[in-house]
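Participant: Let me give you the structure first, and then I'll get to my questions.
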Amino acid sequence: MIPVSSARLTFRSWTEKDAALAEALWCDSEVTPFFGGAMTREQAHNRLDIERERENRLGVQYWPMFLRETGEFVGCAGLRQWQMDPKMIEAGVHLMRSSWGLRLGEEALRAVLAYGFETLGLPTIVAGHGIGHNNSQNHSARPQHHQDGCKRTRRSGAILGHANIWTLSVKQGANVIVLTVYGAKSPDQQRSAEESLARLALKRL
């Protein structure tokens with residue numbers, strides 16, 4: 001299964017014939033600086049294989065997405081196991097440069113979150129991004145500067161349609177991890193998730 005099409009976007013699964021799309025997206029140094037930098041063609045093909053395997057194994061991937069009106073490839077968006085805690089699911093969006101500034105990332109994130117919560121029944125989804133990654137921050141929630149330690153910023157769920165959305169910023173020296181968490185259903189769940197995420201993030205730093 002794949003996310004339901006949004007107003008401007010449609011999704012499908014990656015196939016073995018999508019090597020050119022994978023290269024166009026993941027070999028672009030302007031697209032990839034916040035998740036490892038530009039890939040070689042071989043690395044992009046490996047990432048394509050990873051996405052296909054992930055869908056076979058878990059039923060999720062970063063699905064390629066296209067403009068409904070023209071069929072133009074605009075990037076990918078989806079779900080995967082979070083690297084810091086495989087028991088949690090992370091949402092993410094990778095946009096082609098030609099699609100920047102059109103708010104397609106937010107639209108894609110809406111569709112992915114809806115799929116995660118409504119189709120898969122996930123209780124919580126996390127999205128991580130680095131300081132300075134303005135597009136990613138705009139898709140989720142804007143962090144605030146703070147002292148070493150943790151700071152939590154609550155925001156309304158109206159934009160993305162889910163009641164509980166908050167940003168957890170963890171800072172230790174010059175290192176910062178910013179996480180946006182969606183969908184914890186109760187204050188107790190929220191506090192528990194925050195504490196677990198803070199411990200994981202501090203350990204990572």
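Participant: Counting only residues that are closer than 15 Å to Leu21 by Cα and within 16 Å of the chain's Cα centre (by Cα), how many does the range 51-81 have? Lay out the reasoning, then the answer.
Facilitator: Residues of the range 51-81 that are closer than 15 Å to Leu21 by Cα, as a first pass: 51-52, 62-67, 71-77.
Checking the rest, the ones that are also within 16 Å of the chain's Cα centre (by Cα) come to 51, 62-65, 74-77.
So the count comes out to 9.
Participant: Could you list, in sequence order, all residues of the range 55-73 that are in a strand (DSSP E or B), within 18 Å of Thr15 (Cβ to Cβ) and of a type in the set (A, V, I, L, M, F, W, C)?
Facilitator: Trp63, Met65, Phe66, Phe73
Participant: Within the range 8-54, which residues are of a type in the set (A, V, I, L, M, F, W, C) and either at positive phi or part of a helix (DSSP H, G or I) (or both)?
Facilitator: Within the range 8-54, the first condition is being of a type in the set (A, V, I, L, M, F, W, C), and the residues that meet it are 9, 11, 14, 19-22, 24-27, 31, 34-35, 38-39, 44, 48, 50.
Hits for the range 8-54 are Ala19, Ala20, Leu21, Ala22, Ala24, Leu25, Trp26, Phe34, Phe35, Ala44, Leu48, Ile50.
Participant: All but one of (1) in a loop (DSSP other than H, G, I, E, B); (2) over 19 Å from Ala111 (Cα atoms) hold for Ser5, so report the exception by its number.
Facilitator: (2)
Residue by residue, here is whether (1) within 26 Å of Ile125 (Cα to Cα); (2) in contact with a Gly (Cβ under 6 Å, 6 or more places away or on another chain); (3) at pLDDT below 95 holds:
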position: Lys17; (1), (2), (3): no, no, no
position: Leu21; (1), (2), (3): no, no, no
position: Trp63; (1), (2), (3): yes, yes, no
position: Val74; (1), (2), (3): yes, no, no
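Participant: Give the range 24-43 a look and list any residue that's within 18 Å of Gln61 (Cα to Cα) and buried (at least 19 other Cβ atoms within 10 Å of the Cβ), or say none.
Facilitator: Once the filter is applied, which keeps residues that are within 18 Å of Gln61 (Cα to Cα) and buried (at least 19 other Cβ atoms within 10 Å of the Cβ), the range 24-43 yields Leu25, Trp26.
Participant: In the range 89-117, how many residues are farther than 17 Å from Phe73 by Cα, in contact with a strand residue (DSSP E or B) (Cβ under 7 Å, 6 or more places away or on another chain) and of a type outside the set (A, V, I, L, M, F, W, C)?
Facilitator: Here the count works out to 2.
Participant: Does the range 112-127 hold any residues that are in contact with a Phe, Trp or Tyr (Cβ under 7 Å, 6 or more places away or on another chain) and closer than 23 Å to Leu67 by Cα, and which are they?
Facilitator: Residue satisfying the conditions is Leu113 alone.
Participant: Separate question: Among what's in the range 110-142 and is more than 14 Å from the chain's Cα centre (by Cα) and β-branched (Val, Ile, Thr), pick the residue that is modelled with the highest pLDDT.
Facilitator: Here the answer is Thr119.
Participant: Need pairs with beta-carbon distance below 7 Å; first residue touching a residue at least 24 places away in the same chain (Cβ under 8 Å) and within the range 106-117, second assigned to a helix (DSSP H, G or I) and crowded, with 22+ Cβ neighbours inside 10 Å; sequence gap 6+ or separate chains.
Facilitator: Cβ pairs passing all conditions: Glu106/His139; Leu109/His139.
Participant: Taking Arg97 as the residue in question, decide whether it is surrounded by fewer than 19 Cβ atoms within 10 Å (Cβ to Cβ), in contact (Cβ under 8 Å) with a residue 60 or more places away in the chain and under 17 Å from Ala20 (Cβ atoms). Give the steps one after another, and end with the answer.
Facilitator: Values: surrounded by fewer than 19 Cβ atoms within 10 Å (Cβ to Cβ): yes; in contact (Cβ under 8 Å) with a residue 60 or more places away in the chain: yes; under 17 Å from Ala20 (Cβ atoms): yes.
So Arg97 fits the description; yes.
Participant: Anything in the range 2-36 that is within 25 Å of Phe117 (Cα to Cα) and in contact with a His (Cβ under 7 Å, 6 or more places away or on another chain)? List them, or say none.
Facilitator: Matches in the range 2-36: none.
Participant: For the range 75-130, how many residues are at positive phi and part of a helix (DSSP H, G or I)?
Facilitator: The number of residues fulfilling the criteria is 0.
The values are calculated or read from the model by the stated rules, or taken from the named source; none is laboratory data. None of these values were measured; they are calculated from a predicted model. Quick reminder, even Gly has a Cβ in these numbers, built from the backbone with ideal geometry, and neighbours come from all protein chains shown.
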